[in-house]
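Enquirer: This is the structure I have questions about; it appears just below.
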Amino acid sequence: MKTIFKTMSGLFLLTVLIGSCQNEINPDCEGDNAHQVESFYIDEFESASCGLQNIGGNEKETNLVITTQADFEKYFTCSEQLTIDFDEYFILAGMYRHQQCAEFDSQQVLLCNNRIVYKVRMLEQICQAPIAVFYSTVIEKKHNALPVEFDVQFKN
């Protein structure tokens with residue numbers, strides 16, 4: 001009887017732990033739980049054709065939270081010079097390396113469960129060339145103290 005009680009108690013505890021970890025990793029960001037966060041400098045980034053530099057070359061996914069001009073200059077490379085007001089804003093950015101052609105599709109920033117969730121969607125293409133997909137957004141500094149979760153996935 002004690003063995004069954006211990007086994008059932010252990011399974012219950014394991015289930016609770018797994019369930020709580022899943023909620024932290026993948027929050028429910030739907031409906032009333034999610035609030036859109038406004039992005040800034042959209043036109044500037046579109047025209048400047050940017051990418052990341054000085055990041056490890058072997059990681060499949062690299063995500064950065066850039067809060068200073070020095071970090072911006074260290075990690076960003078753009079075809080045009082961009083000036084971001086880091087007293088008011090900060091940047092969420094990343095690069096996803098894929099073994100075949102892929103392209104950026106969409107992004108959205110949500111405030112969900114007291115965290116920022118940066119959702120990036122990509123489209124896989126039909127070709128066999130390795131590629132790196134770059135993504136970035138600028139949001140207000142008032143969200144700087146919240147933890148950030150990058151949710152980078154393929155749409156198709």
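The values are calculated or read from the model by the stated rules, or taken from the named source; none is laboratory data. Note that the coordinates shown come from a computational prediction; the quantities given were computed from them, not determined experimentally. Note: ideal-geometry Cβ built from the backbone for every residue, glycine included; neighbour counts use all protein chains shown. Side chains included, ligands, DNA and RNA excluded: accessible areas come from the protein's heavy atoms. Shrake-Rupley method; radii C 1.70, N 1.55, O 1.52, S 1.80 Å.
Enquirer: With every protein chain present, what accessible area does GLU149 have (1.4 Å probe, heavy atoms only), rounded to the nearest 10 Å²?
Expert: Probe radius 1.4 Å; accessible area of GLU149 about 20 Å².
Enquirer: Let me ask something additional. For region 60-156, how big is Rg over Rh, using alpha carbon atoms and the Kirkwood form of Rh?
Expert: The Rg/Rh ratio comes out at 0.99.
Enquirer: Under 19 Å from a point 7 Å along the Cα-to-Cβ line of HIS143: which residues of region 85-106 have their amide N that close?
Expert: Under 19 Å, as judged by backbone N against the label point of HIS143, lie 85-95, 105-106 of region 85-106.
Enquirer: Carbon and sulfur: what percent of region 101-156's accessible surface (1.4 Å probe)?
Expert: Ligands and nucleic acids excluded, carbon and sulfur reach 49 percent.
Enquirer: Ignoring ligands, DNA and RNA, what percent of the accessible area of region 56-100 is carbon or sulfur (1.4 Å)?
Expert: 40
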